[in-house]
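The values are calculated or read from the model by the stated rules, or taken from the named source; none is laboratory data. Just so it is clear, the model here is predicted, and its values are computed rather than measured. Methodologically, a virtual Cβ is constructed for each residue, glycine included, from the backbone with ideal geometry; neighbour enumeration extends over all protein chains shown.
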């Protein structure tokens, strides 16, 4: 599974959570995965397969029970500005404007830069996600799509080496979701950003990803399949869907998910 110019190495990671009754729940078991610099990887699988658990481990929000994660050869032990997470619920501070939410991150990560330099970073990233007209608005005055654009701009403003996305478009309407997917693709490609995204959406995974990592059912979820997505870049939804390999790739992902559902139902009936 090794890829060239590796940025991230997930080495034999197992994650166990204690239960209230004194037992233990094995969420992930024996995960091995290398991610190249500039690669876009999606994590897909049914609910409870540990996608968000793995994302939290990559972010340094949790520590693996066994194994470890290396980034540029150094162990990930806690959160850091080289990794930024975009959550589905936006996580914006409601008492700050768009500009102030982004500036808070920039000021925290770049204390050595002068005020003018920090302002330029904030304004550049506001423009990147086309929110200049809403820069002085508060989150309550924004649509869901605009809030998500603020969250993406805030993440990009600190120039992380790794962008982590936890179902970032799941709560948005189809038109807004499509527009943001296109913007995210362009930003990642132009900046050479490495990204890992949790999604339930097969078409979203194929549109955005270089590889799709399919996780098997929990407990003790593992990597059941890795699908390479050889569709040419730059991409847009129409050209991707017209590509002769698209529906074969899509069928492969759906088959994996259907098989996992069948196994889950079989396990439930045999108890």
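Brief remarks on what is shown
- Tally of residues being more than 24 Å from residue 177 (Cβ to Cβ), touching a residue at least 24 places away in the same chain (Cβ under 8 Å) and assigned to a loop (DSSP other than H, G, I, E, B) across region 199-251: 6
- Per the conditions (1) within 11 Å of residue 86 (Cα to Cα); (2) surrounded by fewer than 19 Cβ atoms within 10 Å (Cβ to Cβ), the sole criterion not satisfied by residue 161 is (1).
- Exclusive hit being in a helix (DSSP H, G or I) and outside the structural domain of residue 138 (by TED's automatic domain parsing), set 101, 56: 56
- Lone unmet requirement of (1) more than 19 Å from the chain's Cα centre (by Cα); (2) at pLDDT below 95 for residue 145: (1)
- From the list 135, 151, the one residue that fits, being surrounded by 13 or more Cβ atoms within 10 Å (Cβ to Cβ), in contact with a strand residue (DSSP E or B) (Cβ under 8 Å, 6 or more places away or on another chain) and farther than 30 Å from residue 29 by Cβ, is 151.
- Enumeration of residues in region 70-93 that are surrounded by fewer than 15 Cβ atoms within 10 Å (Cβ to Cβ) and part of a loop (DSSP other than H, G, I, E, B): 72, 73, 77, 78, 79, 81, 89, 91, 93
- Number of the condition not met by residue 190 [criteria: (1) loosely packed, with under 12 Cβ neighbours inside 10 Å; (2) farther than 30 Å from residue 64 by Cα; (3) touching a residue at least 40 places away in the same chain (Cβ under 8 Å); (4) under 18 Å from the mean Cα position of the chain (by Cα)]: (3)
- From 62, 21, residue being in contact (Cβ under 8 Å) with a residue 40 or more places away in the chain, under 24 Å from residue 219 (Cβ atoms), in the same structural domain as residue 220 (by TED's automatic domain parsing) and assigned to a loop (DSSP other than H, G, I, E, B): 62
- Failed item in (1) in a loop (DSSP other than H, G, I, E, B); (2) under 19 Å from residue 226 (Cα atoms), with residue 31 passing the rest: (1)
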